[in-house]
Amino acid sequence: MTWAIGEFSQEEDRYAEVLRRQWGSDTLRQIYRDAYGTDYPEEADPFGFVTRTDLARIAELAGPVRGRRLADLGCGRGGPGLEVARALGTSLAGVDVVEAAVTEARTRAAAADVADTRFTVGSFEATGLETRSCAAVMSVDALWMVWDKPAAFAEVTRILEPGGRFVFTTWEPAYLDHRSLLSDAGFEVLVHEETPAWLRRQLAVYRGILGHRRELADEMGQTAAATLIAEARETRSVLATTPRVLVAARKSG
Ligand SMILES: C[S@@+](CC[C@H](N)C(=O)[O-])C[C@H]1O[C@@H](n2cnc3c(N)ncnc32)[C@H](O)[C@@H]1O
């Protein structure tokens with residue numbers, strides 16, 4: 001287990017073994033290709049449900065930030081953040097609780113066309129980034145795992161420059177109102193929208209995982225495969241009432 005700056009729940013690093021073993025599995029890659037078609041951003045090597053369309057929308061909503069710093073919180077192995085930073089012409093600071101993911105992100109960054117990159121172990125609630133050091137903050141499919149969302153939003157407020165944008169994708173159960181949490185943390189919400197065709201794609205990935213349990217265990221190991229299989233089993237029933245949303249907000253002041 002990886003303990004980072006500050007505290008985070010043990011549960012928040014439950015994908016550590018999947019992050020380590022994901023692309024040892026050609027079967028998993030093919031499941032994603034089949035579910036996404038041409039919207040699969042394979043070059044970004046994502047671990048989640050981000051599409052090319054989502055990445056372009058995140059870049060569009062991050063604002064005019066060329067030459068400044070973008071942060072990617074819950075960056076995983078770094079690919080989505082590097083794609084957006086390259087498109088926007090920013091430097092990139094990526095943060096994740098899983099050390100193995102951060103190590104891979106550093107390797108990926110060395111080969112990417114992004115001027116200045118820094119990947120560190122840290123959490124949404126305690127990023128280790130300097131106050132007002134980021135022109136924009138992004139996060140892809142990570143916030144749903146964070147237990148203390150008010151603390152996470154307060155940390156994003158701290159690291160953003162005044163007027164800076166926070167753009168993220170996550171899942172939104174009925175009991176969780178991201179808009180009021182953002183407003184409490186000093187943000188003005190600019191966009192709150194469901195991401196296109198997310199449910200069809202996510203269900204197709206889960207069907208693929210459940211239909212290839214044996215191959216996944218052979219290729220990724222039992223622990224990583226069991227984590228994916230449990231998610232596919234447990235999450236399907238709640239998806240219909242838990243939309244995947246893309247949110248953009250501006251720090252006031
Ligand atoms: C579904 S993955 C998405 C990774 C990456 N954004 C992508 O799209 O490829 C969620 C990530 O959030 C990270 N995570 C979970 N809780 C976190 C926290 N409190 N702070 C920072 N990262 C966290 C996990 O380690 C994991 O890498």
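Each reported figure results from applying straightforward, stated rules to the coordinates on display, with no laboratory input. Note that this is a predicted model, so its numbers are computed, not measured. Virtual Cβ from ideal backbone geometry, glycine too; neighbours counted across all protein chains shown.
Considering only C-alpha atoms, what is the centroid distance from the stretch 11-82 to the stretch 113-162, in Å?
Their Cα centres are 16 Å away from one another.
Summing -39500 (n - 2.57) over the DSSP H runs of n ≥ 4 in the chain and dividing by its residue number, what mean residue ellipticity at 222 nm do you reach, to the nearest 500 deg cm²/dmol?
Taken over the chain, the calculation gives -12500 deg cm²/dmol.
How would T51, T235 line up from fewest to most surrounding beta-carbon atoms within 10 angstrom?
Placing the least packed residue first, the sequence is T235, T51.
Determine the percent antiparallel among the DSSP beta bridges restricted to the stretch 10-251, to the nearest 5.
DSSP beta bridges in the stretch 10-251 are roughly 40 percent antiparallel.
State, in angstrom, two size descriptors of the stretch 83-154 derived from its alpha carbons: Rg to one decimal place and Dmax to the nearest whole number.
12.4, 35
By count of other Cβ within 10 Å, fewest leading, how are S25, S139, S91, S252 ordered?
S252, S91, S25, S139
Over all Cα pairs of the stretch 106-253, how is the pair count split among 5 Å bins, expressed in % and running from 0 up to the last occupied bin?
2, 8, 15, 17, 15, 16, 14, 9, 4, 1, 0
Any idea what the dipole of the chain comes to, in debye rounded to 20, about its Cα centre with Lys/Arg Cβ at +1 and Asp/Glu Cβ at -1?
With Lys and Arg at +1 and Asp and Glu at -1, about 420 debye.
Tilt of helix 198-211 relative to the longest C-alpha principal axis of the chain, in degrees (0 to 90, nearest 10)?
30 degrees
From zero up to wherever the largest Cα-Cα distance of the stretch 170-237 sits, split into 10 Å bins and tell me the percent of pairs in each.
17, 34, 24, 19, 6
Treating the chain as a set of equal point scatterers at the Cα positions, no solvent, please give the Debye-formula log₁₀ I(q)/I(0) at q = 0.08, 0.15 Å⁻¹.
-0.28, -1.06
So if I average 1/r over every pair of distinct C-alpha atoms in the stretch 94-134 and take the inverse, what Kirkwood radius in Å does that give?
Evaluated over the stretch 94-134, this radius sits at 10.9 Å.
Between V191 and T131, what is the label-to-label distance in nm when each label sits 7 Å out along the Cα-to-Cβ direction?
Using points 7 Å along Cα→Cβ, the separation is 3.1 nm.
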